[in-house]
Structures are given as structure tokens and as C-alpha cells.
Amino acid sequence: MLEPDDDLILDRLIHEPGRLAILTVLSSVKDADFVFLQRATGLTKGNLSSHLAKLEEAGLVVIAKRFIRKKPNTNVELTAVGKQRIAHHWDQLERLKSLSRTAGRQ
Amino acid sequence: MQRRNLETAGTTYSYLRGWFYIPGGLLIILAALANWEVGPLRHTWAFPIAALLIGAACLPIARYYNENYGRVSLSTRQHVRGAVAVLIGVGVMVGGSLLMRSRAGWSLDLPVNAAAVSFALVMLISYAMGVGLKAHHVIIWGALLVTGALPVWNGTDPTNIGLVLTGVAVMASGVFDHRLFVRTFGPSKGPNLQDSDARA
């Protein structure tokens, strides 16, 4: 039987699938705008807006509103804390995966 | 949710905006025609003007991708990979062309189409390092590589024919790149893509 491991607690804010997708996309680029994030994650406009607001409130992303050719454009960038937490979250998921494989063999 | 697909969304966007390769391929073909002094391209001023017009044609293409699929800035690491791919590509193209067939004393003077072979290798390296080789890359650029490497290109310099073949390959690759781009990100008339109301 596996011993409980406090280090394997998943980040609830990040673990939500929509937010996990957003942060994963942002972790591999410098920044991206709202339309690209919508395309890359498949989220609806409302869902994406809601998730971005939560992530910004938690300090994981920075949102900048600007105008390009007189049209509003929302640009999103991961903060240093956001980079660290998404990387840690994926590490946790990988650890859980290998632990479950080990448990399955026992 | 595929982690790999999400992490490569940025590079997929950058490398597979295939419509850009249509004017790119056309420019390469026009370069060959200019070398052959065909029609108005026999004038020295004609090719620069054609190049400017083709460059201008890229602006609506850029707008199409920006408005329908958004904007993304690649990370420093991705830019460095791209720069390394370019450097390797230039080295392969220049060195390979000189080695395979040139007036240089150390040239192997092989009966191959050095332009076609070099371009094919450059594109294969670039795609492999950037976004990973897709089936159509292997087929199109592999076909150009094999065609150029066939020992049938004796006689006069076949560079211009190589450029024409390359231009056609660039355009064909661009069409398939764009198809893959649309399969990845959806059709251009996709879901409601108005900008967000986050922090409205």
C-alpha cells in the first residue's frame, strides 16, 4: 500500500482542464493573444475569459489590452510564478503516473 | 487533452501558415525566369519590382492569419532553434552546392542538381527542427531531393530548373501545411472569435 505523500497534492487552480490547457500553451511561448488561445485550447470565448480572469487574479498570467488596427486585442503572458507552478504541476502529474504504474505492478 | 499538442501549438502556428509559401515559391520561380531572361524579367529592374509586389502580397496573408487565428510570440528558445536551423540551412545550401557542382577546384562536379538537393535538405532540416517532419514534408521534399540527386543533370548548369522545381515544391508544401494548420486550429470561419471581455 502506498504511503500518503503530501508532495503529491495537485494544484487545484491549475488542475482544472481549461486552465491547465491555457497554461500549458503559454508555457511554451513568450505570449499569445486571446484568439490564439481560443484556437489552441478549443475553449469558448466565455470560458476562456473566465479562466483568464481567475489566473490573472492568482498572479499566474499578465493580461494586457491593446489596440491593433483599431481593434481590441488581449495579450496574455505567463508570469514567473505561473511558469514555475505549471512546470511543477506537470512534474506532479508525471510522478503520479509513474507511481500508479509501480503500484499496478506490485 | 494532449500535452504535446498544447506545448507545440506555438511552433505549429509559426511553421505551418502555409499560405505564405505560395508567394515564396512564386518568388523562387521568378528568380529562375529572371536568370533565363524570360519576357519582362530580362530587364534588371523587373525582378526587384516583382519581389516587392510578392512581398506586398504577404500582407493580406498575414492579416488573414492574425485575424482568424490570433497572434503568438515564440519564446527565446524557439527563436534560437529557428536561428540554428537557418544557419545549418545556409551552410548546407552554400557548402553543399559548392561541393556538389561548382567551378571550385575542390568541387566533386557531380551530375546532380545542386540547387534542388540543397533546398530539399534545408527544408527537411528546418521542418524537422521546427515542427517535426510531417508525411507531406517527407514526400514533397524527399521527391525533390531524389530528383535532384539523380545522376542525370549533365551538361549545362541545371540550377534554374532546380529553382523552378523548388518553387513548385515550396508552393505544394505550403498548401499541405495550411491544410494541416486548419486541421489543428479549425476552419477560419470558426467559433465566435471576438476578443475577450476579460478584465472588461
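Could you work out the relative contact order of chain A? I mean the mean sequence separation of Cα pairs under 8 Å and 6+ apart, divided by the number of residues, in percent.
This gives 32 percent for chain A.
Write out the trypsin sites (Lys or Arg not before Pro) in the range A:3-96 meeting two conditions: DSSP loop, and at most 16 other Cβ atoms within 10 Å of their Cβ.
The qualifying sites are A:Arg69, A:Lys70.
Other chains' Cβ within 10 Å of B:163-175 residues: what's the mean?
The shielding value for this peptide is 0.
Provide the FRET efficiency to the nearest 0.05 for the A:Ala58-B:Leu98 pair, computing r from the beta carbons and using R0 = 51 Å.
Given R0 = 51 Å and the Cβ-Cβ separation, E is 0.35.
Would you work out the charge dipole size for chain A about its Cα centre, treating the Cβ of every Lys and Arg as +1 and the Cβ of every Asp and Glu as -1, and quote it to the nearest 20 debye?
It comes to approximately 780 debye.
For every helix of n ≥ 4 consecutive DSSP H residues, a contribution of -39,500 (n - 2.57) applies; sum these over the protein assembly as shown, divide by its total residues, and give [θ] at 222 nm rounded to the nearest 500 deg cm²/dmol.
Rounded to the nearest 500, it is -21000 deg cm²/dmol.
To the nearest 10 degrees, how steeply does helix A:80-105 sit against the main Cα axis of chain A, on a 0 to 90 scale?
The helix A:80-105 is inclined about 30 degrees to chain A.
Roughly how crowded by other chains is peptide A:14-21, in terms of the mean Cβ count from those chains within 10 Å of each of its Cβ atoms?
1
Calculate how steeply helix B:114-130 sits against the longest principal axis of the alpha-carbon atoms of chain B, using the helix alpha-carbon long axis, and give the answer as 0 to 90 degrees to the nearest 10.
So the helix axis and the longest Cα principal axis differ by about 20 degrees.
Bin all alpha-carbon pair distances of chain A at 10 Å intervals from 0 and give each bin's fraction as a whole percent.
The calculated distribution, bin by bin, is 14, 42, 25, 14, 5, 1, 0.
Taking Cα pairs under 8 Å and at least six residues apart, what relative contact order does the range B:54-195 come out at, in percent?
About 23 percent, as a whole number.
GNM, chain B, Cα, under 10 Å: largest mean-square fluctuation among B:Ala31, B:Ala46, B:Ala128?
B:Ala46
Let's see if you can work this out: charge +1 on each Lys and Arg Cβ, -1 on each Asp and Glu Cβ, no other charges. What is the dipole magnitude of chain B about its Cα centre, in debye to the nearest 20?
Result for chain B is approximately 480 debye, rounded to the nearest 20.
Of the residues A:Leu55, A:Leu23, A:Leu96, which exhibits the maximal mean-square fluctuation in a Gaussian network model of chain A defined by a 10 Å Cα contact cut-off?
A:Leu96
Based on DSSP loop calls and a cut-off of at most 10 other Cβ atoms within 10 Å, the longest stretch of chain B free of exposed trypsin sites (Lys or Arg not before Pro) is what?
By the stated rule (loop sites, at most 10 other Cβ atoms within 10 Å), B:1-102.
Give A:Lys83/B:Lys134; A:Lys83/B:Lys189; A:Lys70/B:Lys189 a once-over and call out the pairs whose C-alpha atoms are over 25 Å from each other.
A:Lys83/B:Lys134; A:Lys83/B:Lys189
Any idea what angle helix B:21-35 forms with the longest principal axis of chain B, computed on alpha-carbon atoms, 0 to 90 degrees, nearest 10?
Once rounded, the angle reads 20 degrees.
Could you tell me which chymotrypsin sites (Phe, Trp or Tyr not before Pro) in the range B:5-43 are loop residues by DSSP with no more than 15 other beta carbons within 10 angstrom of their beta carbon?
Answer in residue order: B:Trp36.
Partner chain Cβ atoms within 10 Å, averaged over the residues of B:7-17 - can you pull that number for me?
Counting Cβ atoms of other protein chains within 10 Å of each residue's Cβ and averaging gives 4.
DSSP loop chymotrypsin sites (Phe, Trp or Tyr not before Pro) in the range B:118-172 with at most 13 other Cβ atoms within 10 Å of their Cβ, which ones?
Answer by residue number: there is no such site.
Coordinate-derived values only; no laboratory data. None of the values given here were measured: they were computed from a predicted structure. For neighbour counting, all protein chains shown are included, and Cβ atoms are generated from backbone atoms with ideal geometry for every residue, glycine included.
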